[in-house]
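The values are calculated or read from the model by the stated rules, or taken from the named source; none is laboratory data. All values derive from a computational prediction rather than experimental measurement. Here the Cβ positions follow ideal geometry from the backbone for every residue, glycine too, while neighbour counts run over all protein chains shown.
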Amino acid sequence: MTAISVVVCDDEQLLREALVRLVSNASDLRVVGTAVNGWEAVAAAAEHRPDVVLMDIRMPVMDGIEATRTIIKARGEAATRVLILTTYDLDSYVYEALQAGASGFLLKDAPSERLRDGIRIVASGQAVLAPEATARMIEVLRPDLPTEADRALLAAVRRRLTDREREVCELIAEGLSNDDIASRLVISKYTVKGHVSNILGKLGLPDRVQVVLAWSRFRAQL
């Protein structure tokens, strides 16, 4: 099996080196490059075409938000995805990074295996959200509904989602995984996977990160 390739980007040397060791200790993960700022992360992503970029947010030269936006826009046929690592669990920058196309975020002090699992989940095309912070982030960072696109999406939520699908949306917004949702609703994880797929299809959203962002905008109107 081909190892998942990873670029590690953080401006703090000790943390960057620790992340490199953490990733390298897993037989199915491989560090192919490192970066100390967003500009270097963009260059490393272009050179190595990694499966995942572990991205810090607050960095000199170019921050993680702009770097994420640039990587996602330029990735073309490559499947490079960005996983945000932050110490700021309620930082508005996290929200902006998700809007820029990041596939999720985890806190830097998360257990090692959770970080490694997060890389695997993101590499598989799914999204990962720190359960400790997701619900709080939504409450703090809920924006207004200024655009026609927002109103159209809200109408789609109201008309197209079943009651069960709305329940699943609420639990996704709490940062729960499919397994956690299955346990909470006493249904199979395959049923949850089907509900998530239906939600994404009905709302025209690419992944569960965008479900969380949409739910943060619309929860008060539902």
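Would you call residue 52 crowded, with 16+ Cβ neighbours inside 10 Å, within 25 Å of residue 213 (Cα to Cα) and touching a residue at least 40 places away in the same chain (Cβ under 8 Å)? Yes: the conditions hold for residue 52.
Yes or no, residue by residue, for (1) under 21 Å from the mean Cα position of the chain (by Cα); (2) over 21 Å from residue 124 (Cβ atoms):
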{"position": "161", "(1), (2)": "no, yes"}
{"position": "190", "(1), (2)": "no, no"}
{"position": "207", "(1), (2)": "yes, no"}
{"position": "214", "(1), (2)": "yes, yes"}
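Residue pairs whose Cβ atoms lie under 7 Å apart, separated by 6 or more positions or on different chains, with the first residue in the range 3-20 and of a type in the set (Ser, Thr, Tyr) and the second buried (at least 23 other Cβ atoms within 10 Å of the Cβ) and outside any strand (DSSP E or B), are 5/50; 5/51. Taking the listed residues 134, 147, 191, the one that is modelled with pLDDT under 80 and either under 30 Å from residue 31 (Cα atoms) or surrounded by 14 or more Cβ atoms within 10 Å (Cβ to Cβ) (or both) is 134, with no other qualifying.
Set side by side, the residues 65, 57, 72 differ, and just one is within 17 Å of the chain's Cα centre (by Cα), surrounded by fewer than 20 Cβ atoms within 10 Å (Cβ to Cβ) and in the same structural domain as residue 97 (by TED's automatic domain parsing), which is 72.
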